[in-house]
1. Taking segment 129-141 on its own, how many of its residues are touching a Phe, Trp or Tyr at 6+ places or on another chain (Cβ under 9 Å) and surrounded by fewer than 19 Cβ atoms within 10 Å (Cβ to Cβ)?
2. Give the number of residues within segment 54-81 that are modelled with pLDDT under 95 and among the charged types (D, E, K, R).
3. Would you check if Q44 is at pLDDT 90 or above and either in contact with a strand residue (DSSP E or B) (Cβ under 7 Å, 6 or more places away or on another chain) or not assigned by TED's automatic domain parsing to the domain that holds F132 (or both)?
4. Looking at segment 46-83, which of its residues are among the hydroxyl-bearing types (S, T, Y) and part of a strand (DSSP E or B)?
5. Step by step: first the residues of segment 101-116, then only those that are over 24 Å from A90 (Cβ atoms) and not acidic (D, E), then the one that is surrounded by the fewest Cβ atoms within 10 Å (Cβ to Cβ). Which residue is that?
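The values are calculated or read from the model by the stated rules, or taken from the named source; none is laboratory data. Owing to the predicted nature of the structure, the values given are computational and were not obtained by experimental measurement. Here the Cβ is made from the backbone with ideal geometry for all residues, glycine too, and neighbour counts use every protein chain on show.
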Amino acid sequence: MTNKTKTIIGLVAFAIFLGLAYWGYTFLSATFNPSQSSQTDELQTAPDFTIYDQDGNPVKLSDFSGKPVVLNFWASWCPPCKSEMPHFNAVYQDQKDDVVFLMVDQADGERETNEKAQQFVTAQGFDFPIYFDSKSEASIAYGVSSIPTTLFINPEGKIVSGYRGALDESALLEGINLIKN
């Protein structure tokens, strides 16, 4: 077999691989329904954790017992996090009296700091309060391995649904409807 024949065979095989990858991605994207991604018949109790508010005061999840909670893990350097923030801000404006929004910044002190997160939120004009997981306690409690990650916790303290990846406004409202009484 000549080098030219090997090259042609390699290019054809690569083109077939790319076609199959594109088809698989398109098929999975069309059939994925995030509202079904984390729901089970038996709801898990949401682990408690301590995070810190913008003034450095400790805040626990259990401080919001009896209220529905949207728990979102994010960072200012994360493009998908940035894309979902306007949706969170809009829904927060409408739902803040009925739902607790815990917007938990993954402040590791290096790549993400409290100051960077606060500057980002202020520059964008977002009104929701932000909290800092500087000790990674909340991230560890929930096994957060990628951001953004959002969990919906009902007033009884049970995790009703969860999403990995950026949410749009309709998915956010759908999750909130699952936890409101």
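1. Within segment 129-141, the subset touching a Phe, Trp or Tyr at 6+ places or on another chain (Cβ under 9 Å) is 129-135, 137-141.
Still in the running and surrounded by fewer than 19 Cβ atoms within 10 Å (Cβ to Cβ): 129, 134-135, 137, 140-141.
Number of matching residues: 6.
2. The qualifying residues number 1.
3. yes
4. At the first step, the residues of segment 46-83 found to be among the hydroxyl-bearing types (S, T, Y) are 50, 52, 62, 65, 76, 83.
T50, Y52, listed by residue number.
5. G109
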